[in-house]
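To start, the structure under review is shown below, and the notes come after it.
The values are calculated or read from the model by the stated rules, or taken from the named source; none is laboratory data. Since the model is a prediction, treat every value here as computed from it, not as a measurement. Backbone-built Cβ (ideal geometry, glycine too); neighbour counts: all protein chains shown. Heads up: the accessible areas ignore ligands, DNA and RNA and are worked out on the full protein's heavy atoms, side chains in. Shrake-Rupley method; radii C 1.70, N 1.55, O 1.52, S 1.80 Å.
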Amino acid sequence: MKALTFSSFGDSDVLEYIEIPDPILKNDEILVEMKAIGLNFADVYRRKGNYHLKGNPPFIAGYEGAGIVVDANNHSEYKVGDRVAFADVPFANAELVAVNTNHVLPLPEAISFETAASVLLQGLTAHYLATDSHKTHKGETILIHAVAGGVGQILTQISKFLGATVIGLTSSSEKAKVALEQGADYVFLYQENWKSQIFKVIPKGVDVVYDSIGSTLTESFEVTKECGQVVFFGMAGGDPEPVNPRMLMDTSKTLTGGDLWSYLNSKEERIKRANQLFNWIIEGKIKLSDPTSFPLSEGKLAHDYLESRKSTGKIILIP
């Protein structure tokens, strides 16, 4: 099979599209022929050598995708031709992937391979943020950092149909337009005095802040109301300053950590959460921008485009 690989760490020039042996299935795996693969910043971090990585050179990144079963490996619940997807299976940047049966997500006919590869990681993240980390209620006001990003766009839509007012933060007027199109009520730019603008909208502060930047954590607490909450789930801007527990006590504010893998902890949980996400898409509650597609063989161009930060939608790879 062909795969997008790298044998040393570095910029996108280390990527090689080469022929490697097909996966050898373990007893608890099925073989999936990939139709669409999601590209994420974690794959860039793996390529650079600063994120966890499985296997030996030539390394294969990628954890998210969709395709069809080509070898059920004596697992009676699957048959050749079944449409499936996954959000947390390594070595996805290849024509064939060995998928542990606990990680297989049945793919409804109404959800295309491209949609599944576009939405699973970021959509499931937005799902747990709005329903577990913070249970969004009608009438709340929430603040979303990086609102035009993949998680931000979906989290905006989920928060809106759950009845919240959404304030977003982003880095450019072009991205602000994208966020408003997704349903955000207000969008402010990082280079503006965004804290004062938030207090003009909601003088006592927001109910919850979703912070994926990290370096903004102190400011996130500053715009949170008493008894409010900050959900910290990413560090795109670097490590946060330490949080003073005395501040939390004096203001009755809550800091909650968020990591998707804490919630995708069983086959049943994966399927339940994915099905709810798929149903929201089928019902039209979540609308997705068309992804930008690259052939898997042009993975270098896809990585370069992702790192340029010019994209506002998902980037997928097509074998």
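A few remarks follow.
- Residues Ile282 and Lys79, FRET efficiency given R0 of 22 Å [Cβ-Cβ distance, rounded to 0.05]: 0.40
- Paramagnetic label reach from Ser171 (point 7 Å along Cα→Cβ; backbone nitrogen cut-off under 13 Å): within the range 283-318, residues 306-312.
- What the Cα atoms of the range 230-311 give is an Rg and a Dmax of 18.9, 55 Å.
- Among Ser215, Ser118, Ser297: highest mean-square fluctuation, GNM of the chain, C-alpha pairs under 10 Å: Ser215
- Carbon + sulfur, % of accessible area of the range 134-257 - ligands and nucleic acids excluded, 1.4 Å: 53
- Within straight-line cross-link reach of Lys48, lysines at Cα separation under 16 Å, skipping those fewer than 8 residues along the same chain: Lys300
- Cβ-Cβ FRET estimate between Thr256 and Ser297, R0 fixed at 51 Å, reported to 0.05: 0.75
- Distances between placed amide hydrogens fall under 5 Å for Gln229 paired with Val208, Val209, Thr254, all partners being 5 or more residues away or on another chain.
- Cα-based helix-to-principal-axis angle, 299-308 vs the chain, degrees rounded to 10: 10
- At an R0 of 22 angstrom, the distance between the Cβ atoms of Met249 and Lys204 translates into a FRET efficiency of 0.70.
- Residue order for Arg270, Arg246 - accessible surface, 1.4 angstrom probe, largest first: Arg246, Arg270
- Note on the range 134-257: with charges restricted to the Cβ of Lys and Arg (+1) and Asp and Glu (-1), its dipole about the Cα centre is near 320 debye.
- Under the Karplus curve 6.51 cos²θ - 1.76 cosθ + 1.60, θ = phi - 60°, whole-Hz ³J(HN,Hα) for the range 81-90, x wherever Gly or Pro sits: x, 4, 8, 9, 8, 7, 10, 8, 10, x
- One equal scatterer on each Cα of the range 119-172, no solvent, Debye formula: the resulting log10 I(q)/I(0) at q = 0.13, 0.18, 0.29 Å⁻¹ is -0.26, -0.50, -1.19.
- For the range 243-250, 3J(HN,Hα) per residue [Karplus equation, 6.51 cos²θ - 1.76 cosθ + 1.60, θ = phi - 60°, Hz, x = Gly/Pro]: 8, 7, x, 5, 4, 4, 5, 5
- Mean-position separation - Cα centroids, the range 174-232 and the range 16-34, in angstrom: 44
- Within the straight-line cut-off of under 26 Å between alpha carbons, the lysines reachable from Lys225 are Lys135, Lys138, Lys160, Lys195, Lys200, Lys204, Lys253, sequence neighbours fewer than 8 places apart in one chain being disregarded.
- For Glu241, Glu140, Glu222, the ranking by accessible surface with the largest value first comes to Glu241, Glu222, Glu140, using a 1.4 Å probe.
- Amide H within-cut-off set for Asp71, under 5 Å, with H built and near neighbours excluded: Leu31
- Dipole moment magnitude, nearest 20 debye, the chain about Cα centre, only Lys, Arg, Asp, Glu C-beta charged: 740
- Integer Hz, Karplus 6.51/-1.76/1.60 couplings in order for the range 254-269, x for Gly and Pro: 10, 10, 10, x, x, 8, 4, 5, 5, 9, 8, 10, 7, 4, 5, 5
- The modelled label-to-label distance for the pair Arg309/Ser289, using points 7 Å beyond Cα in the direction of Cβ, is 1.5 nm.
- Its alpha carbons considered, the chain gives a radius of gyration followed by a Dmax of 20.2, 62 Å.
- Considering only Val166, Leu260, Leu124, and ranking their Cα positions along the charge dipole of the chain that arises from unit charges at the beta-carbon of Lys, Arg, Asp and Glu, the one farthest toward the positive end is Val166.
- Amide H contacts under 5 Å for Thr165, placed H, 5+ residues apart: Gly139, Glu140, Thr141, Ile142
- Most tightly packed first, judged by the mean number of other beta-carbon atoms within 10 Å of their residues, the peptides 33-42, 74-83, 1-10 read 33-42, 1-10, 74-83.
- Accessible area in square angstrom per residue, the chain, 1.4 angstrom probe: 45
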